[in-house]
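Shown next, in structure tokens, is the structure this report addresses.
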Amino acid sequence: MSTYKFMARGATAPFSGARWPEPAGGAPGAWVEAVGTLEQCRCGAHVCRPVDLAHWLHDELWETEVDGDRLDGIDCLVVRRARLVRRIDAWHQGGAARFAEACAQHAAELTGGGADVRGFIDDAALSAQYGYTAVAAHACAMAAARLGDDEEQAYRRERLWQADWIVRRVLSPGE
């Protein structure tokens, strides 16, 4: 299974602020290892499965390699060891902007742009325009959540659509 990690600039983990060792000379970066019992949001290296990508958007997208114990989270995979393999340049070289715009367009089409979701759609479009990719994607998922009776399921379906867009258009655009 392929795994990924969104990072702040400079391969910096967004929540811990830790810099991860970057790949060099064609070799992956050094392993980042957790000590203790794996627990989501507390202990372990947190990486994304392809279906998790839309939940953790940030400046840089990296392909990772994982090893050891694993704990499946609701929107991530917590592992004993992980390392950066390669930065996905297509993300920060226009992919994030195209993604945010695609989210706004998809949500507008999906919802019909009615008055009850217009604020979310407008926020998404404005956020996309100014480079706030995560805000745009979240606003679109919130707009989609207003569809039907089960808001949580509608929200999750939109996040899955977003993750699939990243896989198809950023990770494997030539396929």
Pull up the stretch 144-175, narrow it to residues that are in contact with a Leu (Cβ under 8 Å, 6 or more places away or on another chain), at pLDDT 95 or above and of a type outside the set (D, E, K, R), then point me to the one that is surrounded by the fewest Cβ atoms within 10 Å (Cβ to Cβ). Val167
Can you list the strands (runs of 3 or more DSSP E) lying wholly within the stretch 1-118 that have 2 or more residues being charged (D, E, K, R) and more than 25 Å from Val135 (Cα to Cα)? 60-72, 77-87
Sole miss for Asp69 among (1) touching a Gly at 6+ places or on another chain (Cβ under 9 Å); (2) surrounded by 19 or more Cβ atoms within 10 Å (Cβ to Cβ) is condition (2)
Has the stretch 23-38 got any residue that is modelled with pLDDT of 95 or more, outside the structural domain of Phe99 (by TED's automatic domain parsing), within 16 Å of the chain's Cα centre (by Cα) and not polar (S, T, N, Q)? no
Filtering the stretch 89-110 for residues that are closer than 24 Å to Gly148 by Cα and of a type in the set (A, V, I, L, M, F, W, C) leaves a count of 7
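The values are calculated or read from the model by the stated rules, or taken from the named source; none is laboratory data. Just so we're clear, the structure is a prediction, and the values are computed from it rather than from any experiment. With ideal geometry, Cβ positions are generated from the backbone for all residues, glycine too; neighbour counts draw on all protein chains shown.
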